[in-house]
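The values are calculated or read from the model by the stated rules, or taken from the named source; none is laboratory data. Note that the coordinates shown come from a computational prediction; the quantities given were computed from them, not determined experimentally. Backbone-built Cβ (ideal geometry, glycine too); neighbour counts: all protein chains shown. These accessible areas exclude ligands, DNA and RNA; they are computed on the full protein's heavy atoms, side chains included. Shrake-Rupley method; radii C 1.70, N 1.55, O 1.52, S 1.80 Å.
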Amino acid sequence: MSEHATPTVGREWQLTSRPSGWPTPENFALVEAPVRQPGPGEILVRNAYLSVDPYMRGRMNDVKSYVPPFQLGKAMDGGAVGYVVASEAEGFQVGDAVLHGLGWREYATLGAAHAVKVDPELAPLSYYLGALGMPGLTAYAGLLEVAAFKEGDTVFVSGAAGAVGSLVGQIARLKGAARVIGSAGSAEKVAKLVDGYGFDAAFNYKDGPVREQLEKAAPEGIDVYFDNVGGDHLEAAISTLNAHGRVTLCGAIAQYNDTTAPVGPRNLAMAIGKRLQLRGMLVNDHTELQPQFVAEVGGWLRDGKLTYDETVVDGVEHTAEAFIGLLRGDNTGKMVVRLAS
Ligand code: NDP
């Protein structure tokens, strides 16, 4: 049983205006809203951790995409984990921990069919938003399936100190990569990649042209590029990839806040002679790998073979700041917001 009384009012984030370029706190408002009591088949969840993720920036634009845009003046949503505080659904008890899609708020009422029970004894609850959740599956499927990684490959990953990137590099190492190279945006992050995550080489993309730094870090070229960034990183990778190299196009965070059309990669024609494969991915296409992913990554975490970091921002009132901070690179590992219990 939960010691929390069933709430009648909770706070939720709304998008009040669409950002042009970088989002600012003025684009968001935290408002009080009545908490709906669960109907038949529904549960009421007290959120414990909210996820902020780069893809949410795209949802702030009024454009058709693979996820619908946030509606102005309506509650925002996204990944969250929390505890059931009232249940009208078979199989869900008060106190159960669940993962669901109604984040950016303190309390969520939803159909139990849209929630997945998770085990907080197996791993800290917040891990289900990261290493054991959507970013983890992105890294696992993006490297092993989309890029068709094989032992002996040299792998380069951008955004390497982030949630997805830090896992990509470590999975590559654990699966027998010849060399793992990462790029990130600060000296501390670069040190973390080598000392904390076991990368063979790393560089700060702000220190100089990516192509020059990548060529130095990969004298024999690269076989796989896991792209979280786009732009100059993708262009540099195309130049550095060996024949039959493979690229996972996972994200292009360097351009999420651009207001003008991006230039390049200007060297795409090199993909012809090198017979490169560039494949876009969406994590939701790879749910069939979920059991294998949880077993393997969960095992590495348990055995201490894989290091997983989180940047935790406390308080629902700081969610918008946490999101903006994520785009700016304030995080090492997964950015999550912890709510007061
Ligand atoms: P991260 O934890 O990696 O956080 C974002 C990071 O991006 C920041 O920490 C920052 O680190 C880096 N960054 C910001 N601006 C730039 C820039 N101009 N150039 C280079 N790096 C920059 O986020 P996630 O791990 O959640 O996501 C990583 C990528 O994967 C994103 O592009 C995201 O959209 C994508 N993604 C795609 C999915 C799919 O299904 N296709 C699913 C999940 C994620 P730094 O300090 O190093 O700059």
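Listed by chain and number, the aspartates and glutamates whose C-alpha is less than 13 Å from the C-alpha of residue 274, apart from same-chain residues fewer than 8 away, are 223. Could you identify which residue out of 118, 155, 45 has the top mean-square fluctuation in a GNM of the chain using Cα springs shorter than 10 Å? Comparing 118, 155, 45 in the GNM, the peak value goes to 118.
The helix-only estimate of mean residue ellipticity at 222 nm for the chain, built from DSSP H runs of length n ≥ 4 each weighted as -39500 (n - 2.57), is -6000 deg cm²/dmol after division by the residue total. Around residue 10, which amide H atoms from residues at least 5 apart in sequence, or from another chain, sit under 5 Å from its own amide H, with H modelled in the peptide plane? HN-HN under 5 Å from residue 10: 33, 35.
With all protein chains kept in place, the per residue accessible area of segment 204-341 amounts to 50 square angstrom at a probe of 1.4 angstrom. Mean separation of Cα pairs under 8 Å and 6 or more residues apart, divided by the residue count, gives the chain a relative contact order of 16 percent.
Counting only aspartates and glutamates at least 8 places from residue 206 when in the same chain, those with an alpha carbon closer than 19 Å to its own are 188, 215, 227, 232, 235, 258, 330.
Placing R0 at 51 angstrom, the Cβ-Cβ distance between residue 31 and residue 279 gives a FRET efficiency of 0.80 after rounding to 0.05. Top mean-square fluctuation among 159, 95, 208, Gaussian network model of the chain, C-alpha springs under 10 Å? It is 208. Given the pairs 305/334; 74/189; 192/334; 192/216, which span a C-alpha to C-alpha distance of over 25 angstrom in this model? Pairs exceeding 25 Å: 74/189.
Residues considered: 46, 211, 36. Largest GNM mean-square fluctuation over the chain, using C-alpha springs under 10 Å, is found at 36. Would you mind telling me the share, in percent, of accessible area of the chain contributed by carbon and sulfur at probe 1.4 angstrom? So the carbon and sulfur contribution to the accessible surface is 51 percent. Quick check: Cα centre of segment 210-255 to Cα centre of segment 84-116, how many Å? Going from one Cα centre to the other spans 41 Å. With the biggest extent put first, the Cα atoms of the chain measure 62, 44, 33 Å across the principal axes.
Can you tell me how segment 134-284 classifies by the Cα gyration tensor, rounded, prolate or oblate, using a/c under 1.5 as the rounded cut? Rounded. Between 0 and 90 degrees, the angle of helix 231-240 with respect to the longest Cα principal axis of the chain falls at about 40 degrees.
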